Amino acid sequence: MALYLLYEAASGYSLFLAHGIDEIGQNTDAVRSSVSDLNRFGKVVQLTAFHPFESALDALNQCNSISEGVMTDELRNFLEINLPKVKDGKKPKFSLGLAEPKIGSHIFEATKIPCQSNDFVLELIRGVRLHFDRFIKDLKPGDLEKAQLGLGHSYSRAKVKFNVNRVDNMVIQAIFLLDTLDKDVNSFSMRVREWYSWHFPELVKIVNDNYLYAKVSKFIEDKSTLSEDKLPELTDIVGDEDKAKEIIEAAKASMGQDLSPIDLINVQQFAQRVMDLSEYRKRLYDYLVTKMNDIAPNLASLIGEVVGARLISHAGSLTNLAKCPSSTLQILGAEKALFRALKTRGNTPKYGLIFHSSFIGRASARNKGRMARYLANKCSIASRIDCFADSSTTVFGEKLREQVEERLDFYDKGVAPRKNIDVMKSAIENTQSKDTEMETEDVPTEASGKKSKKKKSKAAANGDDMAVDEPAETTNGDAGEGKSEKKKKKKDKRKLDQEDQPMEDANNGHVEEDGAAKQKKKKKSKHENGEDLQAASDVKKKKKKSRSEDTD
């Protein structure tokens, strides 16, 4: 049986024929030793066909399809033209050797060409790769290396753009920056408090919030200029009139030292910078919430956006988090305490980053470990749903949150929670009902559009008839005018009826005569039908009598 080899180079597809090989005595070690020698290898393997790629983009598309195990139209045409034809009902006398078994199964399903991929074929393809520039005669030195380098760069760039982890690296960067900003804003706010307290030390005890303190210090500037005239503006900043009055009274009797204008300007600039950082921190938190609702909606609805983002960043990606068992997820973030406990043979930690969830804080001291284990179990389920589900929905996260709430009530009050299978069934039903609602919302709009189109087409088709018969009712705007005209016509008819009563009597006489004639015609037709029925019945009776006489 002849063996053909398909080699996918950076410059194009090539087909080689390996002849003179004994199939029974195929020795991989012997082939491996003879591959390096071109004289021996060239006698066994020969080039039969070569199909170059049209452009770098075409090469990238072909490379992507091969890596995914899909046969393109170009590859199919190349194989069908250069390989012997496979006849129906007969066993083929050749086989195709490939490096990728996935694409081999696709080729066999589409073209019925027998394919194989084993160690022997891989060694032959390795020899083809080693001496490929010698088989192609018109190939210039350096062209193959350039093609391989360009294809490698474009292929890796395309793979980086196609991120399997649903762009969760943005969440990782955002949560890292959020934690850094929290530390920086806190340290900068303490610096503002310490700096401005030299001038107005009483303000620290009145205003506790860092952002509000920076805002008030920027507004007051010099405490000697603070008076009752600035009370409304200070009330808007602080949000409390009594507190604003307290600040003004404290400024009048302050024990702080005076600062030069240059020092006050620096304090104001630094306070403004702290305010800007605090506002940016709020915007970054909103961005993190939206990204978590897009990437991991169930995990965010179960445990919160910040804790969920910390779990994803600590695991490395959403896929890595989904692969973690619930026992690993429970102590994620407490690795130092875990290894210390294993080293000293002490108690292992009960929770890691999960401790920041509100559920652990609400549980009693003796139930915190149980609650952490149960919450880790539900977080593992939610992360797997978010990672591997086709459509994003928050139904499962909300149901899992309800389960955690029920477990809290069970630990505190002894109320029996629902079974997990019942909760999951209800969640699946809710998702299916939502999908059907979305479909039904789309269908009526289309149907109404079709109906309106049909009505318009009918109106257009019957437009001339309507114009001839009822010109007042051709448009919707003239409907009211048509009704008023009808009423006027009815009034005119009544007047004419009152004036022309004798004419109506005469006409009524004629009408009565016509009606009587019609009734006579109907009666005649009824009599005729009755006579026909009687004749038919007589015939039947005669037949019955004749039958009875025959029997006698």
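Among the residues that make up region 241-251, is at least one of them among the charged types (D, E, K, R) and over 30 Å from W195 (Cβ atoms)? No, because not a single residue in region 241-251 is among the charged types (D, E, K, R) and over 30 Å from W195 (Cβ atoms).
Comparison of N293, N298 shows that the only residue that is open to solvent by less than 30 Å² (accessible area, probe 1.4 Å) and under 24 Å from T431 (Cβ atoms) is N298. Candidates in region 336-360 are the residues that are free of Cβ contacts under 8 Å to residues at least 12 places away in the same chain and not basic (K, R); of these, the one that is nearest to S380 (Cα to Cα) is L338. Pairs are defined by a Cβ separation below 9 Å, a sequence spacing of at least 6 or placement on different chains, a first member in region 266-280 that is over 12 Å from S189 (Cα atoms) and assigned to a helix (DSSP H, G or I), and a second member that is among the hydroxyl-bearing types (S, T, Y) and open to solvent by less than 70 Å² (accessible area, probe 1.4 Å); the pairs so defined are Q268/S217; E279/Y211.
Return yes when S105 is under 30 Å from A158 (Cα atoms), in contact with a His (Cβ under 8 Å, 6 or more places away or on another chain) and surrounded by 14 or more Cβ atoms within 10 Å (Cβ to Cβ) and no when it is not. It is false that S105 is under 30 Å from A158 (Cα atoms), in contact with a His (Cβ under 8 Å, 6 or more places away or on another chain) and surrounded by 14 or more Cβ atoms within 10 Å (Cβ to Cβ).
Matching residues to (1) of a type outside the set (F, W, Y); (2) open to solvent by 80 Å² or more (accessible area, probe 1.4 Å); (3) within 40 Å of the chain's Cα centre (by Cα); (4) at pLDDT 90 or above:
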| site | (1), (2), (3), (4) |
| --- | --- |
| D22 | yes, yes, no, no |
| L38 | yes, no, no, no |
| V44 | yes, no, no, no |
| L47 | yes, no, no, no |
| P52 | yes, no, yes, no |
| N64 | yes, no, yes, no |
| E68 | yes, yes, yes, no |
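Reported count of residues in region 70-97, each being under 15 Å from A2 (Cβ atoms) and open to solvent by less than 20 Å² (accessible area, probe 1.4 Å), is 6.
Of the set (1) surrounded by 12 or more Cβ atoms within 10 Å (Cβ to Cβ); (2) modelled with pLDDT of 85 or more; (3) assigned to a helix (DSSP H, G or I); (4) not β-branched (V, I, T), all apply to L57 but (1). Note on region 407-420: residues that are more than 18 Å from L302 (Cα to Cα), part of a helix (DSSP H, G or I) and open to solvent by 60 Å² or more (accessible area, probe 1.4 Å) total 3.
In this structure, is R134 open to solvent by 30 Å² or more (accessible area, probe 1.4 Å), at pLDDT below 85 and closer than 19 Å to V44 by Cβ? Judged against the criteria, R134 is a match. Search region 377-423 for residues being touching a residue at least 60 places away in the same chain (Cβ under 8 Å) and among the acidic types (D, E), and hand back the single one that is nearest to Q330 (Cα to Cα). Only one residue fits best here, namely D386. For region 82-91, the count of residues that are modelled with pLDDT under 90, closer than 30 Å to D138 by Cα and touching a helix residue (DSSP H, G or I) at 6+ places or on another chain (Cβ under 8 Å) is zero. Entry remark, region 269-288: residues being of a type in the set (A, V, I, L, M) and open to solvent by 30 Å² or more (accessible area, probe 1.4 Å) number 1 in total. Among the residues making up region 210-232, a single one is out of contact with any helix residue (DSSP H, G or I) (no Cβ under 7 Å at 6 or more places or on another chain) and among the acidic types (D, E): D229. Taken over region 137-157, the criterion of being modelled with pLDDT of 85 or more and of a type in the set (G, A, S) is satisfied by A147, G150, G152, S154.
Where helices (runs of 4 or more DSSP H) fall entirely within region 302-406, those with at least 2 residues that are out of contact with any Phe, Trp or Tyr (no Cβ under 9 Å at 6 or more places or on another chain), farther than 28 Å from L284 by Cα and open to solvent by less than 40 Å² (accessible area, probe 1.4 Å) are at 335-344. The single condition among (1) at pLDDT below 90; (2) more than 13 Å from S301 (Cα to Cα); (3) in contact with a Ser or Thr (Cβ under 9 Å, 6 or more places away or on another chain) that A376 does not meet is (1).
Selection of helices (runs of 4 or more DSSP H) fully inside region 95-209 by the criterion of at least 2 residues being closer than 30 Å to Q268 by Cα and aliphatic (A, V, I, L, M) returns 169-197, 203-206.
The values are calculated or read from the model by the stated rules, or taken from the named source; none is laboratory data. For clarity, every value in this text was computed on a predicted model and none was experimentally measured. In this analysis, Cβ positions are derived from the backbone assuming ideal geometry, glycine residues included, and neighbour counts consider all displayed protein chains. Side chains included, ligands, DNA and RNA excluded: accessible areas come from the protein's heavy atoms. Shrake-Rupley method; radii C 1.70, N 1.55, O 1.52, S 1.80 Å.
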